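Heads up: the structure comes next, in structure tokens.
The values are calculated or read from the model by the stated rules, or taken from the named source; none is laboratory data. Note that this is a predicted model, so its numbers are computed, not measured. Note that each Cβ is placed from the backbone with ideal geometry, even for glycine, and that neighbours are counted across all protein chains shown. Note: areas computed on protein heavy atoms with side chains; ligands, DNA, RNA excluded. Shrake-Rupley method; radii C 1.70, N 1.55, O 1.52, S 1.80 Å.
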Amino acid sequence: MRARAGHWTCVLPLTVFALMAGTVLGRGQSPPSMRAGAAPAHAKVVDLIPTSLSGETNQDSEPFLAVQADNPQVMVASAFTPNPVSSAGNAPVYVSEDAGNTWVLNAITPVQRMTCDITHAMSTGENHPRGDLHAGTLACAASVTLDESESEDVSSSAVMNVQSTRTNVDQPFVRALAFSHIDHIYVGLNDLGQSSGRTATVDVSLDGGATYKSYSIESRKTMGQDGPSVRPAVAPDNTVYAVFFGWRKFNGSMATSDVVVVRDDAGAAGPQAFQALKDPSDKLPGRLVVKGVSIPWSNAPTLGQERIGSTLSIAVDPNNSSTVYVGWADRGRKGDIYTLHVRRSTDRGVTWSKSDLAHTTISNATNIALAVANNGVAGFLYQQLAGGRWVTHVVQSRDGFATIEDTILASVPADTPVEQFLPYLGDYDYLIAVGNEFRGVFCANNTPDRANFPQGVTYQRTADFNTKTLRDGSGNPVAISIDPFYFSVPVLP
Amino acid sequence: MNTSKFFLAGILWMSPLAAGALPQATDNQADLFKQSSIIFAGTVRQVAATSFAGVPKSAQTIVVRVDSVLKKPTAVSLKNGDDVTVEVKDPAAFQDGTQATFYADGWIFGSGVAVKELGHEIGPSGATSGATGTAEKTFGQLQQEISDQDLQRRVAAADYVVVGRVTDVHQWTIPKSVAARYRTSEHSANWHEAVLQIQSILKGPKIKRNKMIVRFPQSRDVAWVNAPKFEKEQQGIFILQKDQVSGEATASLGGYTVDAYTCLKPGDWLPMTDEARVRSLLKK
């Protein structure tokens with residue numbers, strides 16, 4: 001295996017080479033640069049837009065993915081995809097029952113037309129072979145409303161059953177795991193209704209969503225609130241971590257923030273949930289991974305056509321819950337717009353690497369998503385603005401990123417299409433380990449150009465790769481737009 | 001939304017109605033037309049079946065070969081000869097070879113289209129009906145009628161409908177007394193205020209000094225992308241509600257405290273070319 005520098009001056013030549021190789025080799029093959037040192041041999045990239053919606057031109061940004069644990073052929077993906085036929089109809093999700101080769105759009109979420117945030121997870125506590133899908137959706141009308149809802153069969157026409165509703169929250173982020181045939185659901189969210197200003201919150205259900213209890217996981221004084229992203233991670237041994245941005249100062253364009261990790265060793269079932277980890281500096285719950293980093297906040301196109309301000313991820317080793325990774329972005333280096341960082345703890349979050357892990361300080365990048373496979377291999381998905389293109393990487397490492405294998409999934413023009421709204425690609429994307437695969441979703445310019453997809457790509461929608469043109473069902477040209485893409489990359493052995 | 005001139009020809013002839021019953025039937029069809037996102041005439045090929053993977057098969061699902069597409073969203077690929085899965089309300093009404101026009105809503109979109117039936121009319125495709133000429137004329141009226149009904153409902157629910165011109169746009173300064181309520185989120189509205197010089201009031205009581213404040217979200221976040229955004233000198237018809245969204249019902253205008261208004265839905269602002277139409281609807 002060959003280690004590669006993470007900064008873009010080194011990555012760009014590799015990117016160009018990989019793209020050239022990808023162009024020559026075509027679908028389903030890995031270019032030579034990717035093959036060095038047991039590179040993934042059968043990466044798969046699929047545009048989620050189905051054939052029957054070939055005429056659509058929506059900005060289908062901010063993707064998410066859930067995989068049925070017992071039957072990973074079944075998956076649910078989502079994006080800012082509106083109901084394709086009716087403004088009064090339900091917002092849809094994408095459903096695959098063949099491990100991501102084909103997808104259909106099914107309008108089953110409880111939100112009208114289109115969500116303004118959606119994440120979900122599928123656990124198996126209740127043994128529904130095409131469920132249980134647990135979703136957190138935001139509906140944005142006169143106010144922002146969170147629905148925590150469930151589907152027992154994602155292929156049916158039944159609208160998801162809303163189990164809990166409340167207003168004035170932000171960025172629900174759902175993780176779920178079955179314990180003794182009962183789904184435990186953890187929804188990280190920013191509870192803007194918290195009068196104390198300690199807004200980082202995890203909603204916990206230990207009964208499959210029938211009831212939820214909210215836990216504020218911020219124990220320190222904030223500037224009035226925490227940052228939007230609150231991300232939980234669950235290990236099969238009932239260890240639950242969560243990471244959030246503890247905002248200490250904010251001037252409207254820059255947050256001075258701590259990156260804080262909390263832990264619970266009993267699935268958040270006890271009375272003192274998420275208080276297992278205390279920081280030595282003040283003895284308060286919540287370990288400060290880093291203190292006082294500067295995080296730019298811009299709700300306008302800033303990194304290319306994308307906004308920035310709250311990219312954050314956490315992943316725990318499923319077979320060794322002592323090992324946990326955290327990644328975030330801040331204004332790390334002079335001249336950078338947004339810099340990614342990854343740190344690791346091998347002692348249950350008590351101590352953390354003092355600096356970024358090798359190959360994980362990435363300039364001008366966003367949408368970090370981390371995952372750890374059963375064999376301990378760590379995966380690191382991100383999207384980098386480099387050379388006027390959005391380049392989507394999935395990086396794997398067996399040794400905490402000391403050595404890495406970098407697979408480029410897509411490299412697309414960053415200036416087209418013009419954004420319809422923000423976020424342009426998403427405030428997040430997603431990576432999940434499933435057996436010997438890393439699966440995930442990202443969004444990108446959908447020009448049917450094989451040179452843009454070094455690992456190959458499959459389009460369901462009608463696309464002419466010779467003329468690099470999308471077409472509708474009648475053969476008319478269709479404008480390019482942002483589509484969600486599913487991918488699978490084999491985990492390093 | 002694509003529609004066919006043959007639509008009403010079909011429904012006119014398919015309804016076995018006496019001439020005296022036609023107006024009532026047309027109203028019903030208009031409602032069905034409005035509710036349906038997809039309308040097509042077709043021939044049943046198989047009952048208790050589906051046309052593509054990913055659609056759950058049941059006794060209520062039938063496969064229909066499309067004979068003519070009468071209405072569909074532009075993004076949806078659907079053409080004559082395609083097979084469509086229809087989840088019908090009453091499977092007993094259909095057998096292989098049954099010809100009908102289906103009024104439907106979208107359900108599942110994959111390699112094909114699956115729809116849920118809202119209604120149907122048994123009979124062959126209306127495209128062959130001799131009533132086409134009449135239908136074309138009536139169809140235009142029907143479209144206009146539906147559009148007018150929407151607008152009429154909108155203006156009926158409004159606190160004010162005014163013709164005006166935007167003389168200033170500025171960011172709303174949140175009063176200190178309520179500032180603690182406002183938190184930062186990517187969905188924050190970034191409220192701005194448009195000062196509206198009123199040229200005429202089409203609905204609502206007289207306004208002092210002939211000026212109003214219209215509060216609107218300047219944010220380009222997905223939550224607000226469809227809300228009208230205003231610029232200085234913009235003129236038109238404003239369909240306004242008292243502000244119950246921003247969190248503060250009043251605004252400051254020339255040193256006075258006034259009610260603030262919002263105009264948040266697409267179509268709550270209309271160009272001047274719609275003035276006569278709005279005036280006409282307000283008289284009804």
Checklist entry - Given only helices, namely DSSP H runs of n ≥ 4 each adding -39500 (n - 2.57), what is the per-residue ellipticity at 222 nm of chain A, to the nearest 500 deg cm²/dmol? => result -1500 deg cm²/dmol
Next on the checklist: For A:Lys221, give me every one of the lysines with a C-alpha distance below 18 angstrom, ignoring sequence neighbours fewer than eight places off in its own chain.
Outcome noted: A:Lys249, A:Lys278, A:Lys283, A:Lys291
Checklist entry - Residues of region A:66-94 with accessible area at least 30 Å² lower in the all-protein-chain context than alone (1.4 Å probe)? => result A:Pro84, A:Val85
Checklist entry - With every protein chain present, what accessible area does B:Tyr160 have (1.4 Å probe, heavy atoms only), rounded to the nearest 10 Å²? => result 10
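Fully extended, how many nm does the chain gain between A:Met223 and A:Arg166 (0.36 nm per residue separation, minus their Cα-Cα distance)?
On the way: separation 57, 0.36 × 57 = 20.52 nm, distance 2.36 nm.
Separation in residues times 0.36 nm, less the Cα-Cα distance, equals 18.2 nm.
From other protein chains only, count the Cβ atoms within 10 Å of every residue's Cβ in A:98-111, then give the mean. Don't skip to the answer; put the middle values down first.
Numbers: counts 2, 0, 0, 0, 5, 4, 11, 6, 8, 6, 2, 0, 0, 0.
Mean partner shielding for this stretch: 3.
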Checklist entry - Around A:Arg113, with a cut-off of 15 angstrom between Cβ atoms, what is the net charge of the other residues, counting Lys and Arg +1 and Asp and Glu -1? => result -4
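I'd like the projected area of region A:362-411, averaged over all directions, using the convex hull of its alpha carbons. Report it in nm² with one decimal.
Details: hull surface 13.9 nm².
Over all viewing directions, region A:362-411 projects a mean Cα-hull area of 3.5 nm².
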Next on the checklist: As a test, work out the antiparallel percent of DSSP beta bridges whose residues both lie in the protein assembly as shown, rounded to the nearest 5.
Outcome noted: 95
Next on the checklist: Cross-link candidates for B:Lys208: which lysines have Cα within less than 25 Å, leaving aside residues fewer than 8 places away along the same chain?
Outcome noted: B:Lys229, B:Lys232, B:Lys242, B:Lys283
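Return the inverse of the average 1/r over all pairs of distinct C-alpha atoms in region B:160-284, which is the Kirkwood hydrodynamic radius, in Å to one decimal. Please report the intermediate quantities before stating the final value.
Values: mean 1/r = 0.0666 Å⁻¹.
When all Cα pairs of region B:160-284 are included, the Kirkwood radius is 15.0 Å.
Which trypsin sites (Lys or Arg not before Pro) does region A:234-319 hold that lie in a coil by DSSP with at most 11 other beta carbons within 10 Å?
Numbers: sites: A:Arg248, A:Lys249, A:Arg263, A:Lys278, A:Lys283, A:Arg287, A:Lys291, A:Arg307; in loops: A:Lys283.
Sites meeting the loop and neighbour criteria: A:Lys283.
Return the Rg/Rh value of region A:439-493, two decimal places, where both radii are evaluated on C-alpha atoms and Rh is the Kirkwood radius. Working shown, then result.
Values: Rg = 12.7 Å, Rh = 12.3 Å.
That ratio is 1.03, to two decimals.
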Item to check | Interatomic Cα distance distribution for region A:81-233, bins of 10 angstrom, percent | outcome: 12, 39, 34, 13, 2
Item to check | Nearest-0.05 FRET efficiency for B:Glu231 and A:Ser87, computed from C-beta distance (R0 22 Å) | outcome: 0.30
Next on the checklist: Give me the one-decimal nm value for the distance between modelled label points at B:Thr273 and A:Ala266, 7 Å along each residue's Cα-to-Cβ direction.
Outcome noted: 6.9
Checklist entry - Once phi is turned into θ = phi - 60°, what whole-Hz ³J(HN,Hα) does the Karplus curve with 6.51, -1.76 and 1.60 give for every residue of region A:254-267, x standing for Gly and Pro? => result 8, 9, 9, 9, 8, 9, 10, 10, 10, 9, 10, 9, 9, x
Next on the checklist: Taking the Cα centroid of region A:301-350 and of region A:80-150, what is the distance between the two, rounded to the nearest whole Å?
Outcome noted: 27
Checklist outcome for this item: In whole percent, the fraction of accessible protein surface over chain A that belongs to carbon or sulfur atoms, probe radius 1.4 Å, stands at 52
Item to check | Residues losing 30 Å² or more accessible surface upon assembly, region B:174-220, compared with the chain by itself, 1.4 Å | outcome: B:Arg183, B:Thr184, B:Ser185, B:Glu186, B:His187, B:Arg220
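So with the 1.4 Å probe, I'd like the accessible area per residue for chain A, rounded to whole Å². Provide the component values of the computation, followed by the final result.
Values: 15240 Å² over 493 residues.
Heavy-atom accessible area per residue stands at 31 Å².
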Checklist entry - Looking at region B:96-117, which residues lose a minimum of 20 Å² of accessible area between their chain alone and all protein chains in place, measuring with a 1.4 Å probe and not counting ligands or nucleic acids? => result B:Asp105, B:Trp107, B:Ile108, B:Phe109, B:Gly110, B:Ser111, B:Lys116
Checklist entry - How large is ³J(HN,Hα) for each residue in region A:414-429, as worked out from phi by the Karplus curve 6.51 cos²θ - 1.76 cosθ + 1.60 (θ = phi - 60°), to whole Hz, x for Gly and Pro? => result 8, 9, 9, x, 6, 4, 8, 6, 10, x, 6, 9, x, 7, 7, 10
Item to check | Residues with amide H under 5 Å from that of A:Phe438, placed H, sequence gap 5 or more | outcome: A:Val489, A:Val491
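What's the local net charge at B:Ile38, with K and R +1, D and E -1, over the other residues with C-beta under 11 Å away? Don't jump to the answer; show the numbers that get you there.
Working: positive: B:Lys71, B:Lys72, B:Lys116; negative: B:Asp105, B:Glu117.
With Lys, Arg at +1 and Asp, Glu at -1, the neighbours total +1.
Taking 0.36 nm per residue of sequence separation and subtracting the Cα-Cα distance, how much length would be gained by fully extending the chain between B:Asp96 and B:Ser280, in nm to one decimal?
Values: separation 184, 0.36 × 184 = 66.24 nm, distance 4.93 nm.
Gain on extension, B:Asp96 to B:Ser280, equals 61.3 nm.
What is the calculated FRET efficiency for B:Ser111 to A:Ser294, with r their C-beta to C-beta distance and R₀ = 45 Å, to the nearest 0.05?
Step by step, r from the Cβ atoms, then E = 0.40.
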Checklist entry - What accessible area, in Å² to the nearest ten, does a 1.4 Å probe give for A:Asp237? => result 90
Next on the checklist: At a probe of 1.4 Å, how much accessible area disappears from chains B and A on forming the pair, both sides counted, to the nearest 100 Å²?
Outcome noted: 3200
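Using the Cα gyration tensor of the protein assembly as shown, with a ≥ b ≥ c the square roots of its eigenvalues, what is the shape: rounded (a/c below 1.5), prolate (a/b larger than b/c) or oblate (neither)?
On the way: a/c = 1.82, a/b = 1.29, b/c = 1.42.
Since a/c reaches 1.5 but b/c is at least a/b, the shape of the protein assembly as shown is classed as oblate.
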